[in-house]
Amino acid sequence: MSVLETTAWWSRILNFDDYGRLLGLVQYSLLAALILGIVGGVIGVFVMQRDMAFAVHGISEMSFAGAAAALLAGGSVVAGSLIGSLVAAAVIGLLGAKARDRNSAIGVLMPFGLGLGILFLALYEGRASSKFSLLTGQIISVDGPQLGWLIGISALSLALLVFMWRPLVFNSLDAEVAAARGVPSRFISLLFMLTLGMIVSVAVQIIGALLVLALLVTPAASALRVSSSPVVVPLLAAGFGTLAAVGGILLALGGALPISPYITTISFLTYLLCRLFGKRP
Amino acid sequence: MTDAEQAVPVLQLRDATLAFDERVLWEGLNLDVQPGDFITVIGANGSGKSSLLKAILGMRKLTAGEIRLGGQPVRRGDSRIGYIPQQRLIPRGTPMRGRDLVSMGIDGHRWGMRITGRPAARARVAAAIESVGASSFAAQPVGMLSGGEQQRLRTAQALVSDPVLLLCDEPLSSLDLNYQQSVANLIAQQCRDRGTPVLFVTHDINPVLPFTDRVLYLAAGRHLLGSPDEILRSEVLSDLYQTPVEVTRVGDQVIVIGAPEHHEPHHLEVRS
């Protein structure tokens with residue numbers, strides 16, 4: 001590769017010409033990414049404790065199916081993705097109280113959702129780039145009112161998490177004792193699943209259905225490597241999530257590539273560093 | 001203790017019956033629990049031991065009869081009851097220290113987040129930790145502690161809300177033998193020192209035999225209540241099971257031979 005070619009190649013990946021103007025265009029996308037980074041990091045701590053990484057992936061595929069259906073029907077992609085998410089979350093929450101039942105329910109749902117989504121996309125005659133972006137992220141192409149919805153859903157999820165915080169911690173640690181102390185296990189589990197569904201539907205828009213785990217699991221997994229304080233872990237996870245989501249958009253802005261690889265790379269590097277320097281063996 | 005307080009038992013079961021479909025777990029159960037009582041509930045798997053605790057916790061409705069705590073019908077989530085579950089190892093990487101586990105006994109069931117800086121609550125947590133001898137490891141991540149240490153903390157969690165009744169659901173199972181004895185001692189000591197009555201569910205009476213005032217023996221839909229010496233006898237248990245059962249004592253250990261483990265094997269074990 002010549003020097004010129006290398007430079008051109010790099011400028012596709014990182015390019016900061018015209019940065020100020022671009023920044024103005026994406027300020028709402030950044031706000032959405034900021035809230036998702038926080039709420040995704042925080043809920044990730046519970047996803048890890050409740051052993052639900054697989055459920056997150058299953059919900060995101062159903063969310064993809066919902067978004068694809070909305071695209072085909074000419075409706076709101078955000079609404080479609082939210083409906084798909086919530087249905088999947090409710091089904092998983094109701095069917096699978098035990099981890100094994102849950103995993104089989106997810107294993108059945110996931111390919112079905114993905115298949116449906118692919119069917120809808122194949123039938124869709126619009127722009128090809130909107131098709132692909134549902135799987136791999138599209139925040140920059142989401143328009144104003146839709147972005148407002150994403151921000152609203154994220155903020156509501158955060159509020160719900162704060163509301164159910166203590167009973168959720170108790171239930172995640174020791175469901176039996178929590179129930180004995182009056183924590184309504186079923187209600188908490190279902191509320192958690194629906195909140196998770198809401199957050200996944202936002203993450204699908206920002207990072208894509210296939211890469212949701214980078215914002216919903218990796219930040220929490222990183223935080224758990226360096227601390228075991230119930231206060232520090234969620235704060236760190238929120239910080240790592242924000243770093244990846246916002247940092248990813250900022251780095252991707254000038255280049256010509258989708259933002260997802262930037263987010264996943266930051267997220268992954270954070271995890272590597274935490275793993276290397278974390279005190280947990 | 002005044003006569004008036006003595007008059008109302010801490011816990012009162014009147015003709016309590018629990019049945020699932022056709023199957024009766026226990027019926028006509030009458031039990032008065034007074035402060036300082038240590039009552040050991042024993043029986044085969046599926047005899048309804050855990051269901052009894054669930055009923056007292058207000059999580060399972062009786063088929064007939066009633067249960068009263070301090071004179072009032074039991075209700076769900078009553079903070080006057082402390083509950084120690086079976087030991088299940090808390091996984092490593094759980095973001096929680098020993099004292100966080102204990103403090104959930106105070107406000108873990110409340111909505112919202114904890115507002116920090118409540119010295120009174122912190123002092124109660126520290127006192128509970130001190131009383132179970134867990135001070136040296138209370139600041140460590142719970143997932144790094146041994147099963148016995150975790151069970152000490154769970155005992156502190158159950159005691160931190162100053163319960164009037166302590167329910168223990170096989171808290172010794174899956175613990176090493178030496179931990180079994182130390183956790184049993186700990187619970188019995190709390191029962192003595194605080195006067196908190198204990199209902200201790202177990203399938204092996206030996207670790208708690210020295211502390212046991214009364215035995216509630218559940219089997220095949222029937223039950224017996226009495227002192228260990230009254231109940232743990234060959235003819236008494238043979239009559240309860242309606243099959244020859246031999247009770248022998250080896251040193252200070254009681255061994256029951258011939259008690260059917262599953263008296264009705266086609267029924268599912270009832271737990272939740």
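Cα-Cα pairs above 31 Å in the range A:25-212: how many percent? That tail contains 16 percent of the Cα-Cα pairs.
Pairwise Cα distances in the protein assembly as shown exceed 37 Å for 43 percent of all pairs. Comparing A:Ala53, A:Ala175, A:Ala65 in a Gaussian network model of chain A where C-alpha atoms under 10 Å apart are linked, the largest mean-square fluctuation is found at A:Ala175.
Here the range A:55-110 is treated as a sphere whose radius is the Kirkwood value from Cα pairs; by Stokes-Einstein at 10 °C and 1.306 mPa s it diffuses with a coefficient of 143 µm²/s.
Running a GNM on chain B with Cα contacts under 10 Å, which residue among B:Val208, B:Val245, B:Val160 ends up with the highest mean-square fluctuation? It is B:Val245. Within chain A, the longest segment free of exposed loop sites, counting trypsin sites (Lys or Arg not before Pro) that fall outside DSSP classes H, G, I, E and B and have at most 10 other Cβ atoms within 10 Å, spans A:99-278.
Look at where the Cα atoms of the range A:42-117 and of the range B:201-222 average out, and the two centres are 47 Å apart. The charge dipole of the protein assembly as shown, taken about its Cα centre with unit charges on the Cβ atoms of Lys, Arg (+1), Asp and Glu (-1) only, comes to about 1540 debye.
Note on B:Glu130 and A:Leu119: their simple-model spin labels are 6.7 nm apart, each label 7 Å out from Cα toward Cβ. Legend: mean number of C-beta atoms from other chains within 10 angstrom of residue C-beta atoms, peptide B:135-148, equals 1. With a cut-off of 12 Å between beta carbons, the residues surrounding A:Thr218 carry a summed charge of +2, where Lys and Arg count +1 and Asp and Glu -1. Taking the alpha-carbon centroid of each part, what is the distance from the range A:164-186 to the range B:168-200 in angstrom? When both Cα centres are located, 23 Å separates them.
Mean-square fluctuation check for chain B, GNM, Cα pairs under 10 Å: which of B:Asp229, B:Asp107, B:Asp21 is largest? Between B:Asp229, B:Asp107, B:Asp21, it is B:Asp21 that shows the largest mean-square fluctuation.
Among the trypsin sites (Lys or Arg not before Pro) in the range B:143-246, those placed in a DSSP loop whose Cβ has at most 15 other Cβ atoms within 10 Å are B:Arg233.
Here, each number is a calculation from the coordinates, and none is a lab measurement. As the structure is a computational prediction, the values presented were derived from the model and not from experiment. Note: ideal-geometry Cβ built from the backbone for every residue, glycine included; neighbour counts use all protein chains shown.
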